[in-house]
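The values are calculated or read from the model by the stated rules, or taken from the named source; none is laboratory data. None of these values were measured; they are calculated from a predicted model. With ideal geometry, Cβ positions are generated from the backbone for all residues, glycine too; neighbour counts draw on all protein chains shown.
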Amino acid sequence: MNRAVPIEDLLRELAPQVLGTLVRRFGDFDTAEDALQEAMLAAATQWPADGLPDNPRGWLIQVAQRRMADAVRADVARRRRETTVFERHIPDAETFDRDDTLAMFFLCCHPALSSASAIALTLRAVGGLGTAEIANAFLLPETTMAQRITRAKKKLATLDRPFARPGDAEWHERLGAVLHVLYLIFNEGHTTTTGPDLQRPDLSNEAIRLIRSIHRLLPDDTEVTGLLALMLLTDSRRTARTGIHGELIPLAEQNRALWDRDLITEGITLTTSTLASGLAGPYQIQAAIAVLHAKALRAEDTDWHRILALYNIIERISKNPMVTLNRAVATAMVHGPAAGLELADTLEDQLAGNHRLDAVRGHLHEMAGDFRTAIAYYTRAANHTTSTPERNYLTLRAAHLRHHPLNQRRPPWEAKL
């Protein structure tokens, strides 16, 4: 373990791994969560003074297990099975495997839960996202998402051995939910919904690491391959997406010489390998769209006609408002801003209060030359976003139009799916 890593970052990295070990071993989600929090608090207090232990992960697991043992002894009648396991199981810190994190993703996606509940619970417990971040991903109020996560945990508590290792068939049944969780974690890392930074590389890197692990197990699954390709192609633009002060640089204005050509080559190769079976899944098709962006040496070289055709396919097989919003952008690039705005207007009810809809409308009105309306939408979008870089970008776009109304118009940046 790298001792130069800040303790806070190290704890954030280790938390899902430790939770995965505890829950799989003892089968009690709530108690494991509480024990983990106590162990992390102890680490945050002791490690700065005493130095990092040789095995920080093993240290956290052993401290958390002692906390769990205390809870077991306090309620012997209800926790007799867990107590027995504790007495039998002497942990060997050297056997703990980082793949516990991946296993925990599959274990949280229990078939007794709805897909939405399983995904939300996994994002919260294993993905390291806060309730507000998960709510943003689902376009729901934070209170609604908190209730959903609580209900999921209570549902699991009623089941016999909910975190028992699934059989082979069950792994495959849970794959779709796991992929969606990794997709949302990557998106949060790519464009963080809250805070001063545009990106959280720790989340993006972890999502890529885990999808690589799944791809090694299922190399012929086109959606697994497509999601890996999509992440790599999207992440290839990481360096070019921010300026020297951390400001957002939209896709059309990025210095494409900064894009990571190795990631692009790998992503294109993976995407191409899926095409023999046709375009069948949303991740595979999104990867194909990312390939078209990656192949364009300049923004004006982008093949928007093919991108629009691919968005039309995605919307037919996996309709959601963010897909439609991106289709509105592509429609504007092919048929003009009026056509894009007409499509964006159909999302008024579904994306009410969402800053991305207003941001896209601002760009499309700017394309159309209606600067006054564009300023209004940019301003409204800036007021709704909780991301500082996005707010700064939108505010500056509005200011630019106020002071330079005849300046060169810029094409819209795509909404995050």
Over region 261-313, the set of residues acidic (D, E) and in contact (Cβ under 8 Å) with a residue 60 or more places away in the chain is none
Taking first residues from region 46-59 that are not assigned by TED's automatic domain parsing to the domain that holds E13 and second residues anywhere that are basic (K, R) and assigned to a helix (DSSP H, G or I), the pairs with Cβ under 9 Å that are 6 or more apart or on different chains are none
Taking region 327-359 and keeping residues more than 18 Å from Y378 (Cα to Cα), modelled with pLDDT of 95 or more and in a loop (DSSP other than H, G, I, E, B) leaves G336, T346
Checking I307, I314, I264 in turn, the sole residue that is under 20 Å from L184 (Cβ atoms) and in a helix (DSSP H, G or I) turns out to be I314
Scanning region 213-249 residue by residue, those surrounded by 14 or more Cβ atoms within 10 Å (Cβ to Cβ), part of a helix (DSSP H, G or I) and charged (D, E, K, R) turn out to be E223, D235, R238, R241
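Just give me the residues in region 192-212 being assigned to a helix (DSSP H, G or I) and either crowded, with 17+ Cβ neighbours inside 10 Å or among the charged types (D, E, K, R) (or both), in sequence order. Spell out how you get there, then give the answer.
Step one: of region 192-212, the residues assigned to a helix (DSSP H, G or I) are 201-212.
D202, L203, S204, E206, A207, I208, R209, L210, I211, R212, listed by residue number.
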